[in-house]
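Visitor: Input: one structure, supplied below.
The values are calculated or read from the model by the stated rules, or taken from the named source; none is laboratory data. If you're wondering where the values come from, they're calculated on a predicted model, not measured in any experiment. Note that we place each Cβ from the backbone using ideal geometry, even for glycine, and neighbour counts take in every protein chain shown. In case anyone asks, the SASA skips ligands and DNA or RNA and just uses the protein heavy atoms, side chains included. Shrake-Rupley method; radii C 1.70, N 1.55, O 1.52, S 1.80 Å.
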Amino acid sequence: MKYFNSSLLLNIPFIEHAFFSHRGGVSSGIYESLNCGYGSQDNTQNVIANRTIVADFMGVPYKRLITCHQTHSDICVCVDDTVLNSSTPIIADALITQLENVAISVLTADCGSILLADTHNPIVAVIHSGWKGAHQNIISKVIQKMQKLGSHIDNIVGCLGPTISRESYEVDTRFYNDFYALTNGNTDFFSPGKDAEHWQFDLPQFIAHQAHTLGIRFENINLCTYKNDDLFFSRRRNFHSNISDYGRLISSIKIRSH
């Protein structure tokens with residue numbers, strides 16, 4: 001198994017976290033090998049086995065590895081005992097918890113996975129932020145919820161996991177105009193594309209800019225999902241190779257028990 005850690009999050013003694021690569025699972029073919037996405041066309045038993053591997057690594061029972069049905073929204077759900085014990089699927093793109101030994105997680109395959117934690121209080125969050133989530137500034141909404149639970153902005157730290165890089169993320173002029181409409185400064189995150197009327201968009205730097213603007217300490221793993229096929233799934237890479245489906249990476253964070 002191959003995974004990555006944040007230096008900021010490693011300094012917090014009461015949490016555990018990991019940005020997992022696609023290595024170390026049981027799936028094969030285009031899903032090789034740690035595919036954790038039920039939304040893929042991989043064999044369901046393989047996905048269950050892979051999630052079990054992740055749960056064991058995170059030190060939680062399988063049922064306490066919590067993901068959500070992601071819809072590229074700005075919805076954040078607090079995982080409390082009621083949510084944890086419910087059979088209703090969680091429809092959201094971010095999760096927060098104060099519960100111990102619950103590994104809240106998101107799935108990605110080019111989009112950004114963000115892990116957040118309070119350095120003083122047991123409050124953690126995980127975010128799935130593609131361009132739609134970033135456009136809606138989902139990270140700001142999650143941090144507001146953390147503050148309502150008792151976090152102070154000075155105590156919140158975070159990290160962006162492996163994400164598609166500017167060099168591999170070409171977008172059209174309509175996309176460019178949507179971001180330009182937010183603020184003229186967003187042009188800093190674009191450069192001319194390889195084709196006319198296209199641009200290269202720097203999603204990781206845009207997310208990091210949002211985090212720093214909010215006043216939190218934040219870092220970027222700085223690894224591109226598209227370029228590193230030996231480590232990460234990439235929806236766009238598969239699309240460019242005329243492969244219709246793709247595996248999903250998982251990123252997780254939990255509060256240790258006292």
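Visitor: How about the range 152-206: which of its residues are surrounded by fewer than 12 Cβ atoms within 10 Å (Cβ to Cβ) and assigned to a strand (DSSP E or B)?
Guide: Pro192
Visitor: Also: Enumerate the helices (runs of 4 or more DSSP H) found wholly within the range 1-118, keeping only those where 1 or more residues are touching a helix residue (DSSP H, G or I) at 6+ places or on another chain (Cβ under 8 Å) and more than 23 Å from Ser151 (Cβ to Cβ). Outline the logic, then answer.
Guide: Numbers: elements: 7-10, 44-58, 81-84.
Qualifying helices (runs of 4 or more DSSP H): 44-58.
Visitor: Scan the range 227-241 and report the pairs whose first residue is closer than 16 Å to Ser40 by Cβ and whose second residue is among the charged types (D, E, K, R) and open to solvent by 80 Å² or more (accessible area, probe 1.4 Å), with Cβ atoms within less than 8 Å and a gap of 6+ or a chain change.
Guide: Close Cβ pairs (under 8 Å, with a partner that is among the charged types (D, E, K, R) and open to solvent by 80 Å² or more (accessible area, probe 1.4 Å)) amount to Arg237/Asp229.
Visitor: Looking at the range 211-226, which of the residues that are in contact (Cβ under 8 Å) with a residue 60 or more places away in the chain and under 17 Å from Ser21 (Cβ atoms) is surrounded by the most Cβ atoms within 10 Å (Cβ to Cβ)?
Guide: Start the filter on the range 211-226 by keeping residues that are in contact (Cβ under 8 Å) with a residue 60 or more places away in the chain, which leaves 211, 214-221, 223-226.
Remaining after also requiring under 17 Å from Ser21 (Cβ atoms): 220-221, 223-226.
Working: Asn220: 19, Ile221: 18, Leu223: 18, Cys224: 21, Thr225: 28, Tyr226: 21.
The extreme case among them is Thr225.
Visitor: Still on this structure: If I filter the range 134-151 down to residues being assigned to a helix (DSSP H, G or I) and either aromatic (Phe, Trp, Tyr) or without any contact (Cβ under 8 Å) to a residue 40 or more places away in the chain (or both), which single residue comes out as most open to solvent (accessible area, probe 1.4 Å)? Break it down into steps so the answer makes sense when it comes.
Guide: Within the range 134-151, the first condition is being assigned to a helix (DSSP H, G or I), and the residues that meet it are 134-135, 138-148.
Subset that is either aromatic (Phe, Trp, Tyr) or without any contact (Cβ under 8 Å) to a residue 40 or more places away in the chain (or both): 144, 147-148.
Details: Gln144: 101, Gln147: 81, Lys148: 178 Å².
Selected residue: Lys148.
Visitor: If you check every pair at least six apart or on different chains, which have Cβ atoms under 7 Å apart with a residue in the range 193-210 that is within 11 Å of Ile164 (Cβ to Cβ) first and a residue that is among the charged types (D, E, K, R) and not in a helix (DSSP H, G or I) second?
Guide: Note: pairs meeting the criteria are Gln200/Glu170.
Visitor: If Ile12 meets every condition in (1) open to solvent by less than 10 Å² (accessible area, probe 1.4 Å); (2) out of contact with any Leu (no Cβ under 9 Å at 6 or more places or on another chain); (3) closer than 21 Å to Thr225 by Cβ apart from one, which number is that one?
Guide: For Ile12, the exception is condition (3).
Visitor: Of all residues in the range 29-46, how many are open to solvent by less than 80 Å² (accessible area, probe 1.4 Å) and not β-branched (Val, Ile, Thr)?
Guide: 11
Visitor: Could you list, in sequence order, the residues of the range 207-231 that are touching a strand residue (DSSP E or B) at 6+ places or on another chain (Cβ under 8 Å) and either in a loop (DSSP other than H, G, I, E, B) or of a type in the set (Gly, Ala, Ser) (or both)? Even if it seems obvious, please write down each step before you answer.
Guide: As a first pass, look at the range 207-231 and keep what is touching a strand residue (DSSP E or B) at 6+ places or on another chain (Cβ under 8 Å): 207-208, 211-212, 216-221, 223, 225.
Across the range 207-231, the qualifying residues are Ala208, Ala211, Ile216, Ile221, Leu223, Thr225.
Visitor: State whether one or more residues within the range 232-239 are in a loop (DSSP other than H, G, I, E, B), modelled with pLDDT of 95 or more, touching a Pro at 6+ places or on another chain (Cβ under 9 Å) and buried (at least 17 other Cβ atoms within 10 Å of the Cβ). Please lay out each step first, then the result.
Guide: From the range 232-239, those in a loop (DSSP other than H, G, I, E, B) are 232-234; that's our starting set.
Next, from what is left, pick out any that are modelled with pLDDT of 95 or more: 232-234.
With touching a Pro at 6+ places or on another chain (Cβ under 9 Å) added as a condition, the list becomes 232.
Adding the requirement that they be buried (at least 17 other Cβ atoms within 10 Å of the Cβ) leaves 232.
Looking through the range 232-239, at least one residue is in a loop (DSSP other than H, G, I, E, B), modelled with pLDDT of 95 or more, touching a Pro at 6+ places or on another chain (Cβ under 9 Å) and buried (at least 17 other Cβ atoms within 10 Å of the Cβ).
Visitor: Select from the range 47-80 the residues that are open to solvent by 40 Å² or more (accessible area, probe 1.4 Å), more than 22 Å from Pro122 (Cβ to Cβ) and not charged (D, E, K, R) and list them in ascending order.
Guide: Selection gives Ile48, Thr52, Ile53, Tyr62, His69, Gln70, Thr71, His72, Ile75.
Visitor: Those residues that are surrounded by fewer than 22 Cβ atoms within 10 Å (Cβ to Cβ) and at positive phi, I need them from the range 85-115; list them, please. First the steps, then the outcome.
Guide: Within the range 85-115, the first condition is being surrounded by fewer than 22 Cβ atoms within 10 Å (Cβ to Cβ), and the residues that meet it are 85-91, 98-101.
Passing the criteria: only Asn101.
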